[in-house]
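Remarks on the structure that follows.
The values are calculated or read from the model by the stated rules, or taken from the named source; none is laboratory data. Given the structure is predicted, the values throughout are model-derived calculations rather than measurements. FYI the Cβ positions are ideal-geometry reconstructions off the backbone, even for glycines, and counts take in every protein chain you see. Side chains included, ligands, DNA and RNA excluded: accessible areas come from the protein's heavy atoms. Shrake-Rupley method; radii C 1.70, N 1.55, O 1.52, S 1.80 Å.
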Amino acid sequence: MTRTLPIGALIYFFAALMLSLYFAFAAVQGPSGILRRVQLEAETAELVAERDRLQSEVDRMRNLTRRLSDQYLDLELLDERSRDVLGLVRADELIVR
């Protein structure tokens with residue numbers, strides 16, 4: 001004689017299976033799941049790279065500002081900036097375009 005499982009055991013097994021599938025799906029796809037974590041780590045790396053790029057730009061601008069300040073005047077930088085911004089040239093120079 002074959003023995004069949006009672007209906008209560010089948011319901012219990014089905015409920016346990018559904019809960020397991022739900023938690024597995026939530027662990028992968030949920031708001032704090034594995035895929036979201038990978039996405040956040042990629043965004044973090046991108047933002048760190050942008051922060052480092054901006055910090056180097058700030059450092060460069062601080063250096064230029066210091067070199068053009070009253071306490072420390074870099075005449076070569078002043079000459080370069082005046083030529084670039086104002087379009088100045090010396091009398092003995094030739095302009096090639």
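On the chain, 63 percent of the accessible area sits on carbon and sulfur atoms, based on a 1.4 Å probe. Note that segment 1-66 presents 94 Å² accessible area per residue, ligands and nucleic acids not counted, probe 1.4 Å. Each Lys and Arg contributes +1 and each Asp and Glu -1, all at the Cβ; summed about the Cα centre of the chain, the dipole is approximately 760 debye. Coupling constants for segment 76-90 follow from the phi torsions by the Karplus curve (6.51 cos²θ - 1.76 cosθ + 1.60, θ = phi - 60°), and in residue order they are 5, 5, 4, 4, 4, 5, 5, 5, 6, 7, 8, x, 7, 9, 7 Hz; glycine and proline get x.
Between the residues Leu77, Met61, Gly8, the greatest Cα displacement towards the positive end of the dipole of the chain, with unit charges on the Cβ of Lys, Arg, Asp and Glu, is found for Gly8. Distance distribution note for segment 10-65: the fraction of Cα pairs above 13 angstrom is 72%. Pairwise Cα distances in the chain exceed 15 Å in 80 percent of cases. Computed from backbone phi with θ = phi - 60° and the Karplus coefficients 6.51, -1.76 and 1.60, the 3J(HN,Hα) list for segment 30-38 is x, x, 10, x, 5, 5, 5, 5, 4 Hz; x is used for glycine and proline. When the chain is treated as a GNM with alpha-carbon contacts under 10 Å, the residue of Ala27, Ala16, Ala49 showing the greatest mean-square fluctuation is Ala16.
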